[in-house]
Structure formats: structure tokens, C-alpha cells
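The values are calculated or read from the model by the stated rules, or taken from the named source; none is laboratory data. Keep in mind the model is a prediction, meaning the values are calculated, not measured. Cβ atoms come from the backbone with ideal geometry, glycine included; neighbour counts cover every protein chain shown. Just so you know, the surface numbers come from the protein's heavy atoms only, side chains and all, with ligands and any DNA or RNA stripped out. Shrake-Rupley method; radii C 1.70, N 1.55, O 1.52, S 1.80 Å.
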Amino acid sequence: MRWFWIDRFDEFIRGRRATAVKNVSLAEEHMHDHFPGAALMPNSLVVEGMAQTAGLLVADAIEFNRRVVLAKVAGADFHFDAVPGDTLRFEATILDLKPTGSLCKVTSTVGDRLQGEAELFFAHLEPGEGVPKLFEPDELLQWLDHMHIYDIGRDEAGNPLVRPDW
Amino acid sequence: MPSRDEIFEKVKAALVDALGVEDDEVSPTATMVGDLGAESIDFLDIVFRLEKAFGIKIPRAELFPEDVLSSSEYVTNGKVNAAGIAAIKSRMPFIDLAKFEANPSVQNFANTLTVEDMVRYVQGKLAS
């Protein structure tokens, strides 16, 4: 079981913004009892999907050379619950990017309805700063392939992203 | 150069956004940690917001003298010694250390920095 809270990227512009989708399904085990007879996706997991969208955008922007961790949710508002059958679209924009951290704005929409919005702050840690290695390179690359980042990703000039050779 | 009140308003906006506190909680005398509940990661967030709001660069050591507070040269028996106080004063001339000096335990330092200190710090950066 892997901690995947987005299904794929639809847009990925290096260092700027990305859009990922998450199809909410009753097949997900956590829905079965949350709540009995009225399944809904907890907004904490919506935040996780937002963080994966923005986190990969940020990690790519710094060439995966630091460990990008969600340090704080600076603010989050939700307007309705996501339920099985919904497709969530997470749109992440980098507001500020520095070597030590980044601030992103992420929205979650279902169709044209705004489901949630959050400001996420990521810390970029180096080995020895208290966070164990998060991924083996091949495992990370596999995830990026699942996400289709190198199929649809572009740099700011519009050139396709080159899949790294780790 | 913006006035002290204009700087205060922008600092307040940064703190409201970063800490999720109410406008009226951010008074000049409020302490960052004790009154506003700032944790270490919040300071990184606050630095980002202040740099953006004022177009300044904030080196971490100017607001967080961790190196002084963890140095055996500057700390004796859990208290910041005279040399340490002098080091903090020279590093952070914008901070009012009077209260801290009365009981300079390292852990008390967290409750020293106030909103007004942050305003004075930004004023100094903008003037330099």
C-alpha cells in the first residue's frame, strides 16, 4: 500500500504551477466507515493530495536535491465534502521558492465548484536535518512515471521535461 | 521609507496570515512565542512573508541567535552569561532585553521577542 493521494498530473510547468487530479472512489478502504452510509473523503486527505501536487512541483523545481516536507498548513478552507464519484482537481501555484523553503497556494475543485483552498508551507531539508531519506531514486522515479510528469511536463520556455537518469 | 505605523500594519498582516491569529491579538507588546503561539517552523514562514512584504533579505541568525544560545562560551549553567547578553545585544539591537536580563535562562529567550521588536527590526533593515 502506497500513500498516493493524486492519480496523475494534467499540467506541470516547472517552477510555476501544476494541476493534478484525484478520482474519489468508494473502493478506497478509508471510505467504508467514514461515515457508515454516507461516505466522504476527509479534508485532511484532500490536504494530502494538495501537498503531493505542490510538493512534487517544488521538489522538481529544486531538482530533488533536498527533502521537501510539508512543514505547515498556513491556512485551509473547505466549502463542501468530496464524495465517491467526484474528481478533484488540485491546482498548485508556487508563491515563493527559496533554497530553505517554499510557499504554495493550492485549490481543489470539483467541476467548476471550488471545494477547498489552502496555503502550504514546505521546508526543504538536507540530510542530517532530522528527516530520514524519503525515497529511493528508483522508487521516486516510478512515482513520477505514474504521475505522467515526464509525459506532460514542460519548462517555462515550453520545452518538454527530460526524465532524469538516476 | 514607510512610517512606523505602516510597517506595523504589514508586520501584523504577515503574522495574522502565518499564525492564524486575530488582528486584535497582534499588539505591539505581544510576545511572538508566548502570546501568539509561534513555533520554530512559523518563524521560517514569517521570514518568507516579511521578505516579500518589504523586499528585504533576512538572514536567519539576525532573528534567531541559536548559535549564541547553544554556545558554551555564552551560556553558563543554563543561563546566558554577560558575554552572551553582549553578543545578543550586538546581533539584535532592536530587541528589548531588560526583562530577559533579570532571568536570562536560555528557555526564557523564546518569550523575549515581541511584535514591536519585529517592527523595529524591519525599520532597521529598511533604513540600512
Self-check item: Residue ID - nearest to the other protein chains (Cβ to nearest Cβ), chosen from residues in region A:54-86 that are within 26 Å of A:ASP145 (Cα to Cα) and in contact with an Asp or Glu (Cβ under 9 Å, 6 or more places away or on another chain)
Solution: A:ALA71
Exercise. May I ask you to verify whether B:VAL68 is touching a residue at least 60 places away in the same chain (Cβ under 8 Å), farther than 23 Å from A:PHE122 by Cα and not aromatic (Phe, Trp, Tyr)?
Key: no
Practice problem: Looking for whichever is within 14 Å of chain B (Cβ to nearest Cβ), open to solvent by 30 Å² or more (accessible area, probe 1.4 Å), closer than 21 Å to A:LYS72 by Cα and at pLDDT 95 or above here; the options are A:GLU91, A:GLU117, A:GLU129. Which one fits? | Solution: A:GLU117
Practice problem: Identify, from the list B:GLU51, B:GLU116, the residue that is assigned to a helix (DSSP H, G or I) and more than 12 Å from the chain's Cα centre (by Cα). | Solution: B:GLU51
Quiz item: Do you know which residues across region B:22-39 are within 14 Å of another protein chain (Cβ to nearest Cβ) and over 19 Å from B:THR112 (Cα atoms)?
Solution: B:GLU22
Self-check item: Number of the condition not met by B:ALA82 [criteria: (1) within 12 Å of another protein chain (Cβ to nearest Cβ); (2) open to solvent by 40 Å² or more (accessible area, probe 1.4 Å)]
Solution: (1)
Practice problem: For region A:132-159, name all the residues that are open to solvent by 70 Å² or more (accessible area, probe 1.4 Å), under 13 Å from A:ARG67 (Cβ atoms) and either touching a residue at least 12 places away in the same chain (Cβ under 8 Å) or under 16 Å from the mean Cα position of the chain (by Cα) (or both). | Solution: A:LYS133, A:LEU134, A:PHE135
Exercise. Go through region A:26-41 and give me each residue that's open to solvent by less than 80 Å² (accessible area, probe 1.4 Å) and either of a type in the set (Val, Ile, Thr) or over 8 Å from A:VAL83 (Cα atoms) (or both).
Key: A:GLU28, A:HIS30, A:MET31, A:HIS34, A:ALA38
Quiz item: In this structure, does A:VAL162 turn out to be closer than 30 Å to B:ASP42 by Cβ and either assigned to a loop (DSSP other than H, G, I, E, B) or under 19 Å from the mean Cα position of the chain (by Cα) (or both)?
Solution: no
Exercise. State whether the residues of region B:40-62 include one that is away from chain A (no Cβ under 13 Å), under 29 Å from A:SER102 (Cα atoms) and buried (at least 20 other Cβ atoms within 10 Å of the Cβ).
Key: no
Quiz item: When you go through B:LYS89, B:LYS12 one by one, which is the residue that is in a helix (DSSP H, G or I), modelled with pLDDT of 95 or more and either open to solvent by 50 Å² or more (accessible area, probe 1.4 Å) or away from every other protein chain (no Cβ under 14 Å) (or both)?
Solution: B:LYS12
